[in-house]
Amino acid sequence: MKIAIDFHIHTALSPCADEDMTPNNIINMCILKGLDAIAITDHNSVENCRACMELGENKGILVIPGMEVQTKEEVHLICLFEDINTALAFQKLIYGKLPKKENNPKFFGRQIIFNEKDEVIRENNMMLIASVDLSINEVFHEVYKLRGIIIPAHVDRSSYSLIGTLGFIPEKLSIKTLEVSKRCNINAFLGKYSIFRNYRFIQNSDAHHLWDILERESFIEVNKKDIKSIFDILR
Amino acid sequence: MQVKNLIEKENFKLITNDKDISKEIKGLYCCDLLSWVMSHAKAGDAWITVQTHMNIVAVASLLDISCIIIPESIEIDKETIDKANEENIPILSTNLNSYEIFCKMHELGLR
């Protein structure tokens, strides 16, 4: 079956995202847009995943718990997990590798954690916008150990991207799927960088505002609409 | 100036094996975005970067860089050092920052 996806959506926990990126707003917007499966991927944290997953389950939209990790090379990796407990185990590791600095909401924005009723539970005061002290290789190792998957984020961009920062994709990493950003024309990109033509490309929104979330425009073919079937395709 | 002239100075420590240290340093380039380096650095440049990922060796080898200089005593991944030995790319470590490296090289006659 063909499902409409958007595996890169930020909530108001990401300092750079709108404060109306609440669990209910996101899930309802995804329903309006007709998406089948999404992933919640805040910077270096998964603390809004649970609320979004609960709402998604009630409303028939599959929500994958995820995180956008910023490695020490300043490369963004979309890390997706099978369930919330695995995602939380990964978060514990990541929190231990964040710099011991506090977020400054005035400069970077607030980092809000919600429950499934969109009530503010608390604000996270860690510096989530920073790089964690883990290399790309180490993040791959840790995520694979937890049976998660990794999709290098917005590789068509020059900043915070695996190809932009490292020049090309390290051979040793078993990467099959790459993400390109919302406005990227994949054919034009491959025309310029034909060495990447053997990868699978998926398009996500990297939404920081509700209106950024994709329409039914990015699809993958899966056996069943569940996390396991999606991982089988992307892995 | 050759790579080995730098190693004799106390601020620069060779962390790869000593093959190819007679390479001529023709210029100096500093950048951490590897795709940018690939399109802008020149053959014979000594390249200063805070990146320690293995891909720095591939980029250096692609461009025929004379040596890689890692500033501010940043720790270097072992697999990067192994790869550099394999590809005969000298890597130097120094406690100097990029500006101080430029000053030092100018003092040593790189114009």
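Every number in this text was worked out from the coordinates using simple rules, so none of it is lab data. Note that the coordinates shown come from a computational prediction; the quantities given were computed from them, not determined experimentally. Neighbour counts run over all protein chains shown; Cβ positions are idealised from the backbone, glycine included.
For this structure, a couple of remarks:
- Here the relative contact order of chain B, from alpha carbon pairs under 8 Å that lie six or more residues apart, stands at 30 percent.
- Net charge of the neighbourhood of residue B:98, taken over other residues with C-beta under 14 Å away and scored Lys/Arg +1, Asp/Glu -1, is -3.
- Only helices enter the 222 nm calculation for chain B: every DSSP H run of n ≥ 4 contributes -39,500 (n - 2.57), and dividing by all residues gives -10000 deg cm²/dmol, rounded to 500.
- Since only A:233, A:154, A:115 are under comparison, the one whose Cα sits farthest along the positive direction of the charge dipole of chain A, derived from C-beta charges on Lys, Arg, Asp and Glu, is A:233.
- Three-way shape label, the protein assembly as shown, alpha-carbon gyration tensor, a/c 1.5: prolate
- Kirkwood hydrodynamic radius over Cα pairs of chain B, then Stokes diffusion coefficient at 20 °C and 1.002 mPa s, in µm²/s: 160 µm²/s
- Phi-derived couplings, Karplus 6.51 cos²θ - 1.76 cosθ + 1.60 at θ = phi - 60°, listed residue by residue for segment A:200-215: 8, 10, 10, 9, 10, 8, 6, 5, 10, 10, 4, 6, 6, 4, 5, 7 Hz, with x used for Gly and Pro.
- Qualifying GluC sites (Glu not before Pro) in segment A:98-173, where qualification requires a DSSP coil assignment and no more than 14 other C-beta atoms within 10 Å, comprise A:119, A:171.
- Across peptide B:30-38, the mean count of Cβ atoms from other chains lying within 10 Å of each residue's own Cβ comes to 4.
- Distances between placed amide hydrogens fall under 5 Å for residue A:178 paired with A:200, A:201, A:202, all partners being 5 or more residues away or on another chain.
- 11 Å beta-carbon shell around residue A:56, net charge (K/R +1, D/E -1): -2
- Charge context of residue A:233, other residues only, Cβ under 13 angstrom, K/R +1, D/E -1: +4
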